[in-house]
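Here's the structure, in structure tokens; my notes come after.
The values are calculated or read from the model by the stated rules, or taken from the named source; none is laboratory data. For clarity, every value in this text was computed on a predicted model and none was experimentally measured. Cβ coordinates were reconstructed from backbone atoms using ideal geometry, including for glycine residues, and neighbour counts include every protein chain displayed.
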């Protein structure tokens, strides 16, 4: 009897403890949930309402149905195709040039001695504020006093027009990312977790350098690569600062990107409804790309 | 025991949360409301009880009042020897004494910044009075866009019996009507700033001397009647790649209202009655279409040759934004000539006679060059001011009264009195640009006493006065399409983006194909901005182009009688 | 050295390979560091040298005059005359940036850490999944969709409408507040970061539950558990989160540009953009007094580089503080 009672008491205590932790969970999570609902989900709901309104400056907004989206149809608005083409071009260039480099460098970096790795990583991660970086590169590209034209002149080659040349201006925007990239931290972390014995076993079997990379390293990094690819796609489709600061839309709309057009519509022309409509279109484009990418890389990291 | 403690903790937390919320409600309720909210809050009885009408003002005595006005700041400015601000305060206080119900509140901000006005309008915190073209984000010539968009208040009742209306009609009649009147209703007034006609070129006298370019009087300056080809030659002569000198520095758009582009086009024969590359539509689906006449292409080719063949133009994508970088190039010693983009009168003030500042001894001013058949464009900076349309009747009347006070009443007299004292006691280098301009072209009648106290020619060089008054006033102004109701002013101002694209393409690409660029721009312009049809446009177009014909016949008969003109009009403009 | 076997290292081909890899890596480091080096040396150059062409690698007469001039010109206290380059002295803008970045960091890290802990340890598994999706869902949605609604919400917080509704049955407007043009406009939306929750939850998942349960049975309160068990162990994740949240808050550009109009409250990144042209005037090669003054002032591109350098310093300091933790690498899963 006594044992039963003690058992009952302890069971109650455990239940009470469980309920207690559940309550604490809500208390701990409350500020984040409130913040996320006000600034995370509420704006998105509002966006879907705002995209169907027309904003008058001195009167409250009026409902206009699909007008804002009709304004953005490619047949009505050549700027829409232009901005999406520019943005996809930038995304393609940026992914092609700057996605693989952190992976390669991380793989190569693991070959060095531990002390060398330490030194290199510190040097590689010295940060420059992003705005400062953009201004430095704008200075490099200056046709009169910039460093690049200086190098070309001292080598005796003709100068290039860099940011003024609509053919290479997009490449000029991607170049800072190319040069300032170091090894990805996440790749280094993953590479460190691969046990050395695998490589030694492969070496004993006489596997060559490239085959080792292909068969041992890459499959391990594949899930992380998939996740980083999604993040890179989402990030590169949303650039704003480089075109805004370096070229203000580029020579004759050559670097006019989607987010820049949203910014112009909303804050230069005060057409909030149309800007939100364009943002929603961008959202669906990104969703489509992410879905395609996840289908292709079928294993995905448990996010 | 522990659960009890926890219970007490949660209860006290909840209580404090509720108390905090209640406190914040109280706090929020006690917060000072904007005039907009204030007005909406009061019932009619309360409105009688609260006699204070608040006029939010952002402007005279200073445009850029960036700090909260307090008595300490006022004392500080007096202590620094800045009587200008003191006089502004005195004027405002006199007004408040004369109008016991009204309080004038100076708001911090820049009334010449579109974002400031537009966000203020949207949020109910706008100043009472602002420049119309700035609120509509367009250039000075199209201030009417604000009217069309409903961004300025209807002041016909206040203007009907106003004592200055006959004077304004007599002196500024056509311009006032063109920009501020619609269907017999008035929406704006001439600005409290000097109306200075005349845009032009600034040039460096020392470079002209070095290059050996002198005018008929022997001064290192271009002749008053110079042509565009002479301009091109002069730019080439001033260019020296070894010394890193260019003849001319150009900003290819992004500064609103840069009329170099239309001035150049007009010189080559494109009628400036509307935007340079816009002409009546042949298909008839819409009223206008975007396209280039051969004369326009010729003008663009002129620019392209200057840029890439002569290499005498300093320009690029770095010059498309922010404030006036191209004029700094002239000051800094890289460009010999610059399109001022500002009223010439403003620069008169900038280059005052403080020997430590840039002075007129080394920067000169030249008028717009003449084109074919002596064509020269007239650009008048009629800068109208409009009032906040959300104001109710009382506030509008109070704002209108204060505007009158500042523009033509006691406030203006005080301002001039202050100027005279400043000049006489402290010397002319303390006068700002607008003040000298006031003595030449103030928009309202000022007692002769004040005008006669300062002799402008004592302080301003001869060519400045000549360019702004004589030459600019002598140039006749052509009829504009707004007067005939032919333009949707709301969309017309946005075409500047498309024009900018064309200019940038020319300036950034040596192999530019002008026809192709204009076609690409036409694609954008036609679909996005010119997709409207005006009622009865055929009759209106006929009337309008008849007026344009008369204008050319009277003032530019050589051009009118040439076959080129006749062909151009027949093929491109008289297409009904 | 996993890829290259330890055996046979003396063979020439392998040594060549190692040499090639080393040189590629060092070239990469040099290229990466070169802009930083350039920024620093340009900020040391006096005005005359900036406009030399082709530009030189190391200034012929380096001096710190540019920094001094930036501080003086912006405060309007330059002895040479009444030029005022920026609206307010530089330390006002630095202070703004620090307040914004610090405010965001101080709010974001406790909130998201508590949330991560709650998600991994306190919620039942069913609720945990639901709340987790609630928290992470916005990661997939681009920030631009919520750009304008956030702006509208901040205008009459919390109503995105132009007119504020009235409390029913009374005449009083709902309490609302206009956060625009203040520090809160930047700090409030940054109060929450979905990525941080992801990192924290991932890390805390690696802490075995038995440890926590044992502590609970011993009678520790939840806060005590956090203080004594979780925090000492999670230094890596805290370091990473602190560094990245500070760095992204410090580098913000678009959002302050939109919500803040008054120059007094602008952070340094926006100021750097706005006053590019105030600080890069054309070369003073003329003979007028104005030009001579500018030449003496010596401010040009070097001023811009000096400001960039000043802007990069705090991020660099944070990097130095946290470099150990960052270098050891943060694993998303796995905790030994």
Scan the range C:153-172 and tell me whether some residue there is within 28 Å of residue C:100 (Cα to Cα), touching a strand residue (DSSP E or B) at 6+ places or on another chain (Cβ under 6 Å) and within 13 Å of chain B (Cβ to nearest Cβ). yes
Name the single residue that is farthest from the other protein chains (Cβ to nearest Cβ) among those in the range A:112-123 being surrounded by fewer than 19 Cβ atoms within 10 Å (Cβ to Cβ) and in a helix (DSSP H, G or I). A:115
Could you list all residues from the range A:131-150 that are farther than 16 Å from residue C:312 by Cβ, part of a helix (DSSP H, G or I) and facing another protein chain (nearest Cβ under 7 Å)? A:147, A:150
Among the residues that make up the range B:501-523, is at least one of them modelled with pLDDT of 85 or more and farther than 25 Å from residue B:305 by Cα? yes
Restricting attention to the range A:158-195, and to residues there that are within 23 Å of residue C:32 (Cβ to Cβ) and assigned to a loop (DSSP other than H, G, I, E, B), which single residue is nearest to the other protein chains (Cβ to nearest Cβ)? A:182
Would it be correct to say that residue B:162 is part of a loop (DSSP other than H, G, I, E, B), away from chain A (no Cβ under 14 Å) and either modelled with pLDDT of 80 or more or surrounded by 15 or more Cβ atoms within 10 Å (Cβ to Cβ) (or both)? yes
Filter result for residue C:198 (out of contact with any strand residue (DSSP E or B) (no Cβ under 8 Å at 6 or more places or on another chain), free of Cβ contacts under 8 Å to residues at least 24 places away in the same chain and at the interface with another protein chain (Cβ under 10 Å from one of its Cβ atoms)): no
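Here is a yes/no grid of residues against (1) under 18 Å from the mean Cα position of the chain (by Cα); (2) within 12 Å of chain A (Cβ to nearest Cβ):
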position: C:189; (1), (2): yes, yes
position: C:193; (1), (2): yes, yes
position: C:206; (1), (2): no, no
position: C:226; (1), (2): no, yes
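A quick yes/no check of all residues on (1) modelled with pLDDT under 80; (2) within 25 Å of the chain's Cα centre (by Cα); (3) within 13 Å of another protein chain (Cβ to nearest Cβ); (4) in a strand (DSSP E or B):
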site: B:89; (1), (2), (3), (4): yes, no, no, no
site: B:94; (1), (2), (3), (4): no, no, no, no
site: B:97; (1), (2), (3), (4): yes, no, no, no
site: B:104; (1), (2), (3), (4): no, no, no, yes
site: B:112; (1), (2), (3), (4): yes, yes, no, no
site: B:118; (1), (2), (3), (4): no, yes, yes, no
site: B:121; (1), (2), (3), (4): no, yes, yes, no
site: B:127; (1), (2), (3), (4): no, yes, no, no
site: B:137; (1), (2), (3), (4): yes, yes, yes, no
Please count how many residues of the range C:228-254 are at the interface with chain A (Cβ under 10 Å from one of its Cβ atoms) and more than 15 Å from residue C:113 (Cβ to Cβ). 7
Name every residue in the range C:23-37 that is surrounded by 15 or more Cβ atoms within 10 Å (Cβ to Cβ) and within 7 Å of chain A (Cβ to nearest Cβ), in order of residue number. C:25, C:28, C:29, C:32, C:33, C:35, C:36
Being more than 7 Å from every other protein chain (Cβ to nearest Cβ) and in contact with a helix residue (DSSP H, G or I) (Cβ under 9 Å, 6 or more places away or on another chain) narrows A:155, A:109, A:97 down to just A:97
Hey, among the residues in the range C:117-133 that are at the interface with another protein chain (Cβ under 9 Å from one of its Cβ atoms) and within 17 Å of residue C:202 (Cβ to Cβ), which one's surrounded by the fewest Cβ atoms within 10 Å (Cβ to Cβ)? C:128
Would you point out the residue of the range B:200-219, among those that are in a loop (DSSP other than H, G, I, E, B) and touching a residue at least 24 places away in the same chain (Cβ under 8 Å), that is surrounded by the fewest Cβ atoms within 10 Å (Cβ to Cβ)? B:219
Just name the residue that is farthest from residue B:371 (Cα to Cα) out of those in the range B:530-551 that are within 29 Å of the chain's Cα centre (by Cα), in contact (Cβ under 8 Å) with a residue 60 or more places away in the chain and assigned to a helix (DSSP H, G or I). B:541
More than 9 Å from every other protein chain (Cβ to nearest Cβ), farther than 24 Å from residue C:159 by Cβ and under 31 Å from the mean Cα position of the chain (by Cα), is that true of residue A:72? yes
Any pair with Cβ under 6 angstrom, 6 or more apart, that starts in the range C:238-253 at a residue that is over 21 Å from residue C:144 (Cβ atoms) and ends at one that is in a loop (DSSP other than H, G, I, E, B) and at pLDDT below 90: C:240/C:330
Inside the range B:419-499, counting only helices (runs of 4 or more DSSP H) that do not spill past its ends, which hold 3 or more residues that are at pLDDT 75 or above? B:448-453
Working carefully through the options A:248, A:255, find the one that is within 14 Å of chain B (Cβ to nearest Cβ) and out of contact with any helix residue (DSSP H, G or I) (no Cβ under 7 Å at 6 or more places or on another chain). A:248
